[in-house]
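The values are calculated or read from the model by the stated rules, or taken from the named source; none is laboratory data. All values reported here derive from a predicted model rather than from experimental measurement. Cβ: placed from backbone, ideal geometry, glycine included. Neighbour counts: every protein chain shown. For accessibility, only protein heavy atoms count, side chains too; no ligands or nucleic acids. Shrake-Rupley method; radii C 1.70, N 1.55, O 1.52, S 1.80 Å.
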Amino acid sequence: MHQVIYALVEASTEKTALACGKAAFDRLVGAGPDNAAIFDYYVMFDDERSSVAGKARWGELPVVAPVDSDDGEKLLERGWEATRQEFERNLERVRTAVTEFSDDELMQHKDLARHACYNLGAYRGPSLYLYTEFGDAIRNREHLDHVLSADEQLWIIPTDVHY
């Protein structure tokens, strides 16, 4: 499975922002000894080598954009909306499962109910679309607002991840 996720990074230049974004994505694919892999791999939108990911799958997206630019605002809205929708989808699945299934059915993982619970409580992974430069997922609006209040220029970097 593929999806587009976004890193929000503080940097004084576009080049530094891109490097910070790559470092965040490296953390998410376990590229260092201290990092657990959340995704299998990533392809950024400046990578022309892939015929199945990145630009080849999703079309043209900015490689990096200031959050306060038109492109940046669109990417941020896209990432936040995807996060919110995925949360609401999983929350509805959990509510339905808890009210309609017996304890045994829940334990037996009927209709992937336990998976919905897992996604609802996830701190990183496919149910989350926005990440900080440290590879931490932005799980709620308060956290997003905190990141958006950065002292330095804030940038957004999209990438296609596989999981």
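Quick look at the numbers
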read-out: Hydrodynamic radius of the range 97-163 per Kirkwood, over alpha carbon pairs, in Å; value: 14.5 Å
read-out: For the chain, with +1 on Lys and Arg beta carbons and -1 on Asp and Glu, the positive-most of A137, N90, G21 along the dipole; value: N90
read-out: Dipole magnitude (debye, nearest 20) for the range 44-128, charges at Cβ of Lys, Arg, Asp, Glu; value: 280 debye
read-out: Rounded Å value of the spacing that divides the Cα centres of the range 75-106 and the range 13-73; value: 26 Å
read-out: All lysines inside 23 Å of K15 as judged from Cα atoms, apart from same-chain residues fewer than 8 positions distant; value: K55, K74
read-out: For the chain, built as a Gaussian network whose Cα springs stay under 10 Å, the top-fluctuating residue of L106, L144, L18; value: L106
read-out: For the range 47-129, the fraction of alpha-carbon pairs in successive 5 Å shells from zero, as %; value: 3, 14, 15, 15, 15, 13, 10, 7, 6, 3, 0
read-out: GNM flexibility winner over the chain from D40, D104, D151 (Cα, springs under 10 Å); value: D104
read-out: In order through the range 123-131: 3J(HN,Hα) via Karplus (6.51 cos²θ - 1.76 cosθ + 1.60), integer Hz, x for Gly, Pro; value: 9, 7, x, x, 7, 10, 10, 10, 9
read-out: Given charges at beta-carbon only (K, R positive; D, E negative), |dipole| of the chain in Debye; value: 440 debye
read-out: Within a Gaussian network of the chain (alpha carbon springs, distance under 10 Å), most fluctuating of Q108, Q153, Q85; value: Q108
read-out: Neighbour net charge for G54 - beta-carbon separation under 12 angstrom, K R +1, D E -1; value: -2
read-out: DSSP beta bridges in the chain [antiparallel fraction, %, rounded to 5]; value: 85 percent
read-out: Shape metrics for the range 21-65, restricted to C-alpha atoms - Rg then Dmax, Å; value: 11.5, 33
read-out: About the Cα centre, charge dipole magnitude for the range 1-87 (Lys/Arg +1, Asp/Glu -1 at Cβ), debye; value: 260 debye
read-out: Carbon + sulfur, % of accessible area of the chain - ligands and nucleic acids excluded, 1.4 Å; value: 50 percent
